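Notes follow the structure.
The values are calculated or read from the model by the stated rules, or taken from the named source; none is laboratory data. Predicted model only: the values in this text are computed from it and were never measured. Cβ coordinates were reconstructed from backbone atoms using ideal geometry, including for glycine residues, and neighbour counts include every protein chain displayed.
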Amino acid sequence: MGDERRRYDRSSNKEAQVALTSPEHTQPGSPAYNLAVRLLDTSATGACLVTTDRLREGCPVIIGIILPNQKNGIMAKGFVRWSTSIEQKGRTAHVAGVEFDKPVAALAPVLPKSGPSKHAEPNRRHKRFVPEKVDIVCLPPGFLSKLGMKANPAKSLKNLSMGGAQILSTEKLESGVRVDLLLKFAFPKTSVRAAAIVRWCRRDTLSLEPRWNVGVVFKEMDPATQSRLRTVEAVFIDVAR
């Protein structure tokens, strides 16, 4: 499931109208009520949205979406792929990822006719955000299980997206080198481990000490880890307002 979902880019559709219903949340003899609060993003195979309550993972749902400037709605059956509740500043928000039973072509992003530049960073299509209080480890493959064998050059996380990250390093990392990343978030309390490729590395000329700004692109991330990262994204982009 996770591999299939990654083949499709996501689009931010926060201005769209959305309705979400489920047999599990319908009282006998009453019409199904809308479980959706706001749509966050969509792809051909699923959607991420804020819900009225925390939904059970695996819960069957029917979702209806009307995109801006379109009269005809899109209906799809699916199930809750993941669900979480987030608390911040006295507020609680529930976020869920819905996976469609069948791909919906109308929700696939429209790419520019000319196509992306071959020199463009692959993660540019993802919105970047800056989480608070993050511990980061960046080491060659295999060292994350033996952290005492090599010093961690990662000093801090500068920004993050679903496609990659920018970190501040005390060492120069060569472009094309593979690294293992471990990100531990204080809020929401979770961790993300992923393999990545160094895309670029530039010396920080404003620092007296040796410092490099490094851009990495995620290459391997299992569906569970991807869901945790999307939860962090939801906190710092869509929910924490």
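Couple of notes before you dig in:
- Options 49, 55, 40: the member that is assigned to a strand (DSSP E or B) and either among the basic types (Lys, Arg) or closer than 20 Å to residue 24 by Cβ (or both): 49
- Scanning region 82-105 for residues that are part of a strand (DSSP E or B) and farther than 28 Å from residue 222 by Cα returns a single hit, 91.
- When region 201-230 is limited to residues that are of a type in the set (S, T, N, Q) and over 18 Å from residue 184 (Cα atoms), the one that is surrounded by the fewest Cβ atoms within 10 Å (Cβ to Cβ) turns out to be 205.
- Filter result for residue 208 (modelled with pLDDT under 80, over 23 Å from residue 57 (Cβ atoms) and not aromatic (Phe, Trp, Tyr)): yes
- Those residues of region 18-35 which are part of a loop (DSSP other than H, G, I, E, B) and at pLDDT below 85, in sequence order: 26, 27, 28, 29, 30, 31, 32, 33
- Scanning region 153-195 for residues being in a loop (DSSP other than H, G, I, E, B), closer than 15 Å to residue 226 by Cα and either outside the structural domain of residue 134 (by TED's automatic domain parsing) or among the hydrophobic types (A, V, I, L, M, F, W, C) (or both) gives a total of 1.
- Odd one out for residue 79, checked against (1) in a strand (DSSP E or B); (2) at pLDDT below 90: (2)
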